[in-house]
Amino acid sequence: MTRSAIIGGIIAALAIGGAGAVVAVAWRPAIAAIDPPAPQSFPPDLIKRGRELAAIGNCNDCHTVRGGRNFAGGLPVPTPFGTIYSSNITPDAETGIGRWSEAAFVRAMRSGVDREGRHLYPTFPYDHFTNVSDEDDRALYAYLMTRDAVHAAARENQLSFPLNQRVVVAGWKLLFLHRGTYQPDNTKSAEWNRGAYLVEGLAHCGACHTPRNALGAERASASFAGGDVDNWHAYALNAQSPSPVPWDAAALYAYLHRGWHPDHGTARGPMAEVVSNLSQVPPSDVRAIAIYMADVFGPPPPDRKREGEAVLAQAKSASPAAAQADPQGAAIYAAACATCHESGRPPPYGGINLGLSSAISGPDPRNLANIVLSGVRPVEGERSPIMPGFAGSMSDAQIVMLLNYLRSRFGRQPAWTDLEKTVEDARRTQTALLQTSAGARNASADPAQRDKP
């Protein structure tokens, strides 16, 4: 045998072996379909617990298009790699999970593999859900399988090659999916451990509040250091927090339970959906989350504590002196904002004192731009903070002037740069999301309910 033939044989063997290794890593067997179980086969108390857990996991907001049917999927999730649409998790036998067994459901939660054996994209945060207990998975399954079945076929993800090949996800899992990583800390209280279990598992807080690497995985070395979600900045939830007043467990509990706190402002953007869900769960679970996260923040150093006390004292005595450098911004603020924000009434009946706003004091202006454009929607059926959006009544130039004024008057940091591009991007992103959501809503709605051309 010639040398070239030997080398060719070795290359062929390596190629075959490599292909076999890829198949071994990527292939997962299908799990047999079942007849959809009768809703009455699940105990009522198990369903109730599942409802609470689904709220903690924010399942409805990720799997429901605004204005669409609950849990029917189709919500567009923009990522740096393209748009992924959430799946239908109603018990519809054809387009949902109606024919999934509990074992198939648990495999999706733990390993990110659907009933048919396909790898799920990690926009479904199974890297956190792998920490969920058997009992809680069982309760979630019971809750979802007793919802109204909605026939809504999955939308095609918008990903370019090779990311549209699910074998790539198997490689991602080899690098970043670590099963069963949560372990109780015996040196901490039961309440702290309960909070840690929820935050690191079902609540998946780090999925938004931790920066990601080039492959889209959370950077473990920068846990809770802040992240990006749908053109919003999820603030750092550790010692790097930009909040003018340091957080403690009591403030975190109030904020998470009712969506606002007088010393910290109002939840908005994706966080508004989270706290809306948390208002429906047992207060003990919300308190446990607050206790754990207060420990993640850590006690503020003396200088940080003094700064926070000074901010509070100033906020409660009088509004900061108006900046004189930008009369145009001041005029816009006086016409559009001052009536509520200088009323002296705390939320939900008045605007927050803007000297306490993380959106103004933070390093990234996107959140403030988004709030001014879209406002703050009220929580249905509750007395909650509300603010009109100004996308239709202010030009980009006027919003830039307003943001500059707010930063100079109420903030204590240097001026933001390139605000023109930030506002332009925020308006374009909001418009695109509204259009995409409308298309997804129409795709998942009953024909009679679809929007007219």
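The values are calculated or read from the model by the stated rules, or taken from the named source; none is laboratory data. Every value quoted in this text rests on a predicted model; they were computed, and no experiment measured them. Cβ sites come from the backbone with ideal geometry, for glycine too, and all protein chains shown count toward neighbours. Just the protein is used for accessible areas: all its heavy atoms, side chains included, with ligands, DNA and RNA removed. Shrake-Rupley method; radii C 1.70, N 1.55, O 1.52, S 1.80 Å.
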Within region 108-141, residues part of a helix (DSSP H, G or I) and touching a Gly at 6+ places or on another chain (Cβ under 9 Å) come out as Arg110, Tyr126, Asp127, His128, Phe129, Asp136, Arg138, Ala139, Leu140, Tyr141
Residues satisfying the stated conditions in region 60-92, i.e. basic (Lys, Arg) and modelled with pLDDT of 90 or more
Arg69
Residue list for region 229-253, restricted to those being under 17 Å from the mean Cα position of the chain (by Cα), of a type outside the set (A, V, I, L, M, F, W, C) and surrounded by 19 or more Cβ atoms within 10 Å (Cβ to Cβ):
Asn231, His233, Tyr235
Going through region 97-115 in order, the residues found to be touching a strand residue (DSSP E or B) at 6+ places or on another chain (Cβ under 8 Å) and open to solvent by less than 20 Å² (accessible area, probe 1.4 Å) are Gly112, Val113
Taking the criterion of being farther than 23 Å from Leu373 by Cα and open to solvent by 20 Å² or more (accessible area, probe 1.4 Å), would at least one residue in region 268-277 satisfy it?
no
Could you give every pair whose Cβ atoms fall below 7 Å, whose first residue belongs to region 151-168 and is more than 23 Å from Ile97 (Cβ to Cβ) and in a loop (DSSP other than H, G, I, E, B), and whose second residue is open to solvent by 70 Å² or more (accessible area, probe 1.4 Å) and of a type in the set (A, V, I, L, M, F, W, C), counting only separations of at least 6 or pairs across chains?
Leu163/Phe81
Test set (1) open to solvent by 10 Å² or more (accessible area, probe 1.4 Å); (2) farther than 24 Å from Phe161 by Cα; (3) hydrophobic (A, V, I, L, M, F, W, C) - Ala139 fails condition number:
(1)
Determine whether region 145-155 contains at least one residue that is among the polar types (S, T, N, Q) and more than 18 Å from Phe42 (Cβ to Cβ).
no
Just to be sure, is Leu177 under 19 Å from Arg212 (Cβ atoms), of a type outside the set (Gly, Ala, Ser) and within 21 Å of the chain's Cα centre (by Cα)?
yes
Please find, among Glu102, Glu135, Glu116, the residue that is without any contact (Cβ under 8 Å) to a residue 12 or more places away in the chain and closer than 25 Å to His178 by Cβ.
Glu135
Cβ contacts < 9 Å: first residue under 20 Å from Cys337 (Cα atoms), restricted to region 409-433; second residue aromatic (Phe, Trp, Tyr), any location; separation 6+ or different chain. Result?
Arg409/Tyr333
Condition first: among the acidic types (Asp, Glu), open to solvent by less than 70 Å² (accessible area, probe 1.4 Å) and closer than 26 Å to Thr95 by Cα. Now tell me which residues in region 156-206 satisfy that.
none
Of (1) open to solvent by 50 Å² or more (accessible area, probe 1.4 Å); (2) of a type in the set (Ser, Thr, Tyr); (3) within 17 Å of the chain's Cα centre (by Cα); (4) more than 18 Å from Ala152 (Cβ to Cβ), Ser87 fails just (4)
What number of residues within region 402-426 satisfy the criterion of being open to solvent by less than 50 Å² (accessible area, probe 1.4 Å) and in a helix (DSSP H, G or I)?
12
Within region 169-192, how many residues are without any contact (Cβ under 8 Å) to a residue 24 or more places away in the chain and either closer than 27 Å to Gly82 by Cβ or part of a helix (DSSP H, G or I) (or both)?
1
Quick one: how many residues across region 47-69 are in a loop (DSSP other than H, G, I, E, B) and under 20 Å from Phe129 (Cβ atoms)?
3
